[in-house]
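Undergrad: Can you keep this structure in mind? I'll have questions shortly.
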Amino acid sequence: MSSEIRRVLVAGAGGETGREILKRLRDTDLTVKAMTRSPAKERDLTNQGADEVIVGDLLDPADASRAVADCDVVLCAIGSKPGPKMIFGGELVDGTGVENLVHAAVAADVDRFVFESAIGVGDSREKMPAPFRALLRNNLNAKNHAEAVLRTSPLTYTIIRPGGLTNAPATEDVLVGEGGETVFGRIPRADVARLMVAAPFTAEAENRTFEVVSRDGLRGTARGVVELDWQVPGEETIEIEE
């Protein structure tokens with residue numbers, strides 16, 4: 001599969017994780033298409049290494065179709081900004097937007113789809129403290145719906161559920177759990193980006209869902225930890241030892 005990957009879409013490229021993904025892709029031979037909702041970010045994303053920038057709203061299915069055109073892989077790092085919709089309900093890009101992107105990717109014969117979800121979604125629910133679950137319930141429900149849509153699609157996927165995100169430098173020392181209630185804590189966005197970029201090139205990551213935190217960000221006891229040989233473009237094979 002990895003030998004066929006030439007063109008990558010980074011959805012949510014204007015966000016903090018999206019920018020870290022662009023940094024990881026910049027020194028590879030891949031052609032990178034970046035998508036953002038903000039026209040003001042177009043020039044900056046080009047400077048960050050994007051070969052093409054698409055300005056659009058994933059809540060519009062037509063924009064989703066335009067974004068995935070001619071792409072082999074989708075790296076989806078979109079997310080809603082904090083606001084009333086997270087508490088009181090409403091259409092969120094984390095749910096409907098991802099659903100539109102998945103359907104567009106299927107129609108466009110995309111090979112791989114990597115989705116940044118969150119610890120607290122689905123069977124990892126109990127790993128997020130109850131007050132935060134209450135505050136973010138609509139957002140978590142949207143991500144749970146997006147995960148379900150992706151799993152039932154014909155796409156080869158990887159779902160990455162990070163803990164609390166920070167802007168610290170990459171540690172490259174990550175605990176990867178599988179099974180839901182596995183790990184809890186914090187992780188730099190740079191570490192999440194590294195795994196997302198590696199996932200399409202890592203056969204062991206196909207059709208699996210992982211919870212991830214940095215080793216020094218772990219809170220409590222880790223369970224269900226797994227080992228994978230992540231294949232990062234531009235790097236030698238790396239093994240994250242759990």
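The values are calculated or read from the model by the stated rules, or taken from the named source; none is laboratory data. A quick note: this is a predicted structure, and the numbers were derived from the prediction, not measured. Don't worry about glycine lacking a Cβ; one is built from the backbone with ideal geometry, like all the others, and counts go over all protein chains shown.
Undergrad: Can you find a residue in region 6-17 that is over 28 Å from Ile119 (Cβ atoms) and out of contact with any helix residue (DSSP H, G or I) (no Cβ under 7 Å at 6 or more places or on another chain)?
TA: Checked region 6-17: at least one residue is over 28 Å from Ile119 (Cβ atoms) and out of contact with any helix residue (DSSP H, G or I) (no Cβ under 7 Å at 6 or more places or on another chain).
Undergrad: Let me ask something else about it. What number of residues in region 39-48 are crowded, with 19+ Cβ neighbours inside 10 Å and either among the basic types (Lys, Arg) or modelled with pLDDT under 95 (or both)?
TA: Going through region 39-48 one residue at a time, the tally reaches 2.
Undergrad: For a quick check of your reading of the model, give me the residue pairs whose first member lies in region 58-73 and is under 15 Å from Val98 (Cβ atoms) and modelled with pLDDT of 95 or more, whose second is part of a helix (DSSP H, G or I) and of a type in the set (Ser, Thr, Tyr), with beta-carbon atoms closer than 9 Å and at least 6 apart or on different chains.
TA: Note: pairs meeting the criteria are Leu58/Thr96; Leu59/Thr96.
Undergrad: Now for a different question. Please indicate, with yes or no, whether at least one residue in region 9-32 is assigned to a strand (DSSP E or B) and charged (D, E, K, R).
TA: No; the residues of region 9-32 include none that is assigned to a strand (DSSP E or B) and charged (D, E, K, R).
Undergrad: Could I ask something else about it? Give region 74-88 a look and list any residue that's modelled with pLDDT of 70 or more and either farther than 18 Å from Arg161 by Cα or not in a loop (DSSP other than H, G, I, E, B) (or both), or say none.
TA: Val74, Leu75, Cys76
Undergrad: Can you tell me which residue within region 171-187, out of those that are of a type outside the set (Lys, Arg) and free of Cβ contacts under 8 Å to residues at least 40 places away in the same chain, is nearest to Ser124 (Cα to Cα)?
TA: Filtering region 171-187 for residues that are of a type outside the set (Lys, Arg) and free of Cβ contacts under 8 Å to residues at least 40 places away in the same chain, the one nearest to Ser124 (Cα to Cα) comes out as Gly185.
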